[in-house]
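Colleague: I have a structure here, written as structure tokens, and I will follow up with some questions on it.
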Amino acid sequence: MSLTLIVFAVVKRDMQQAVKRPSDLLTVFCFFILSSGLFAIGIGPDPELQKNIGVGVIWASALLASILALGELFSGDERDGVLEQMLLVPEPLTVIMLAKIIGHWVVTGLPIVLVSPFLGIFFGFSTNALLVLASSLLLGTPILSLLGAVGAALTLGVRGATALAALLILPLYIPVLVFGSLATNAALIGTEVSSHLSLLVALLIFALVLAPLFVSASLKVALD
Amino acid sequence: MKKIVTEVIPLNFWKYSTPKTVFPIASKVIPMAFLFAVILCVAGIYVGFFVAPTDFQQGEVYRIIFIHVPSAWMSMFIYIIIVFWSLMGLIFNTRLSFMMAQSLAPTGAVMTVIALWTGALWGKPTWGTWWVWDARLTSELILLFLYIGYIVLGASIDDIRRSDRTSAILALIGAVNIPIIYFSVEWWSTLHQGASISLTAAPKMAASMFLGLCLMSLSFWMYTIGAAFYRLRIVILKREKSSTWLREFEGAP
């Protein structure tokens, strides 16, 4: 089977499973909106203040939602033995894992990207800032899925896995948070955004190359 | 005429990769390392507080450098050693390498806390703030969380083989943070000052200040060696408690 076909097959399977059990998706999606909303309610109705903290709130909520989504990434496949089969097949595990991560991003990351402009409107962003917010999340959320997959693979089957994955991975999310919010904040005050977005692209390429390797290595150790 | 026979004894590094060989060495090294740490610390503090001149810009407060800089160096260096031993363990499959890495981690975390704490104490009088979220301080804080994550991950997996390997992989992933900490003051314009000491140029400080820093750094080195070997002994005692060599070594029946 060619590598592209493997990727398509795995992504398709993950999306079918997600459609069968929409509650997992909805939890992450609603958590993202609720978390942003809680901050907005907590700081009160001052529109200027809301505009200033909006970027940080939306980005931090995206980070937390991404961590919350990790729980079922590998554990479902581990329970029914599919993960073991993935390790046994002759096709490279890194490619299969990359496909798993892509599928995970499509069902958990992409909805966050799509809903983010609406949240931006609630915080009073300009049209340009809304576009930059969505595009920075479009570049940033795949990095979150890639790094998060490493955390999920490291903590697979460990007691308190999600909390532990959060402790391990949230510090590594910080560069994404920094450059993503810098880009959107730059759009809000009307300065150049492309340099921050370029750095996000660089991080994405870096994670795209390394994360599947670390995921595969961790899973091999976990299912040894 | 006598024939001179030269015998080449191959140096066997693997000899030192077993707990059995290292355990007695560690037992001998621990008291020596702690003794040197105390002597060097006393000498370093004497030079730092009574010999080194007052800084013309920062006054007396700069003297916290004699604790801040060595602990910050050690916090990064210990992580590099952990990465080294993790790699060794993953490549050569040596149990002792993982034990070494795990024995170093708590000392690394302590050094990171000391560096952050003394940095805050230094920041208040010189910058007017305990903390800023600049690149150097943030990346050092990330290092602390990496240490804590490494320790917690290792502790929460019961199977020793998996625990060793999984935490080693985490150590490798976190290694990306070390160059970020080190170069952060060059890459971004930060409130944290740049380095005054480099390997390639003469130190930009008075000779007695440099001497004080060297003594304190050596003291921290000695402490790290002592503490790591102390912890290594405990790890070996725990893991090898049923082995015959340990019983023979302790002279128990």
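Since every read-out is calculated from the coordinates, none of them should be taken as a lab result. No experiment lies behind these values; they were computed from the predicted model shown. Here the Cβ is made from the backbone with ideal geometry for all residues, glycine too, and neighbour counts use every protein chain on show.
Colleague: Take B:S27 and B:I151, extend 7 Å from each Cα along the Cα→Cβ direction, and tell me the distance between the two endpoints in nm.
Modeller: 2.7
Colleague: Mind giving me the FRET efficiency for A:T27 and B:F84? R0 is 30 Å, r the Cβ-Cβ distance, nearest 0.05 is fine.
Modeller: 0.10
Colleague: Based on the alpha-carbon gyration tensor of region A:46-111, what equivalent-ellipsoid semi-axes (square roots of 5 times the eigenvalues) come out, in whole Å, largest first?
Modeller: Computed over region A:46-111, the values are 36, 12, 7 Å.
Colleague: For region B:1-140, what does the alpha-carbon gyration tensor say about shape, rounded, prolate or oblate, given a ≥ b ≥ c as the root eigenvalues, a/c under 1.5 as rounded, and a/b over b/c as prolate?
Modeller: Prolate is the answer for region B:1-140, as a/c is 1.5 or above and a/b outweighs b/c.
Colleague: Can you give the calculated 222 nm mean residue ellipticity of chain A, where each DSSP H run of n ≥ 4 adds -39,500 (n - 2.57) and the sum is split over every residue, rounded to the nearest 500 deg cm²/dmol?
Modeller: Value at 222 nm, helices only: -28500 deg cm²/dmol.
Colleague: For chain B, what is the mean residue ellipticity at 222 nm derived from helices alone (per DSSP H run of n ≥ 4: -39500 (n - 2.57); sum divided by total residues; nearest 500 deg cm²/dmol)?
Modeller: Taken over chain B, the calculation gives -24500 deg cm²/dmol.
Colleague: Right, another one. Report the equivalent ellipsoid semi-axes for chain A in whole Å, largest first, defined as the square roots of five times the eigenvalues of the gyration tensor built from alpha carbon atoms.
Modeller: Equivalent ellipsoid of chain A: 32, 18, 15 Å, largest first.
Colleague: Let me ask another. Given the pairs B:K124/B:K204; A:K100/B:K238; A:K12/A:K51, which span a C-alpha to C-alpha distance of over 28 angstrom in this model?
Modeller: As for pairs spanning more than 28 Å Cα to Cα, those are A:K100/B:K238; A:K12/A:K51.
Colleague: Kindly list the residues of region A:164-188 that lie in the label zone of B:D158, defined by a backbone N under 20 Å from the point 7 Å along the Cα-to-C-beta vector.
Modeller: Flagged as within label range: A:164-165.
Colleague: Would you please state which residues of region B:111-130 a label at B:L191 would reach in this model, taking the label point 7 Å out along Cα→Cβ and a backbone N cut-off of under 20 Å?
Modeller: B:113-130
Colleague: If you don't mind, another one. How many percent of all Cα-Cα pairs in region A:1-133 sit more than 27 Å apart?
Modeller: In whole percent, the share of Cα-Cα pairs in region A:1-133 beyond 27 Å is 34.
Colleague: Please report B:T224, B:T18 as a ranked list, fewest other C-beta atoms within 10 angstrom at the top and most at the bottom.
Modeller: So the residues, fewest neighbours to most, are B:T18, B:T224.
Colleague: So what is Rg over Rh here for region A:94-209, counting just Cα atoms and using Kirkwood for Rh?
Modeller: 1.01
Colleague: Looking at chain B, I'd like the Rg to Rh ratio, where Rg is from alpha-carbon atoms and Rh is Kirkwood's inverse mean 1/r. Can you show the working numbers first?
Modeller: Details: Rg = 21.4 Å, Rh = 20.3 Å.
Across chain B, the Cα-based Rg/Rh ratio is 1.05.
Colleague: On each of the three principal axes of the Cα atoms of the protein assembly as shown, give max minus min coordinate, whole Å, ordered largest first.
Modeller: 88, 63, 48 Å, listed from the longest principal axis down.
Colleague: Relative contact order (percent) for region A:3-222, with alpha-carbon contacts under 8 angstrom and 6 or more residues of separation? Working shown, then result.
Modeller: On the way: 257 pairs, mean separation 57.0, N = 220.
Relative CO of region A:3-222 lands at 26 percent.
Colleague: Rounded, prolate or oblate: pick one for region B:113-253, where a ≥ b ≥ c are the square roots of the eigenvalues of its C-alpha gyration tensor, a/c under 1.5 means rounded, and failing that, prolate if a/b is larger than b/c, else oblate.
Modeller: In terms of gyration-tensor shape, prolate.
Colleague: List the aspartates and glutamates whose Cα lies under 13 Å from the Cα of B:K20, skipping any in the same chain that are fewer than 8 positions away.
Modeller: B:E240, B:E248, B:E250
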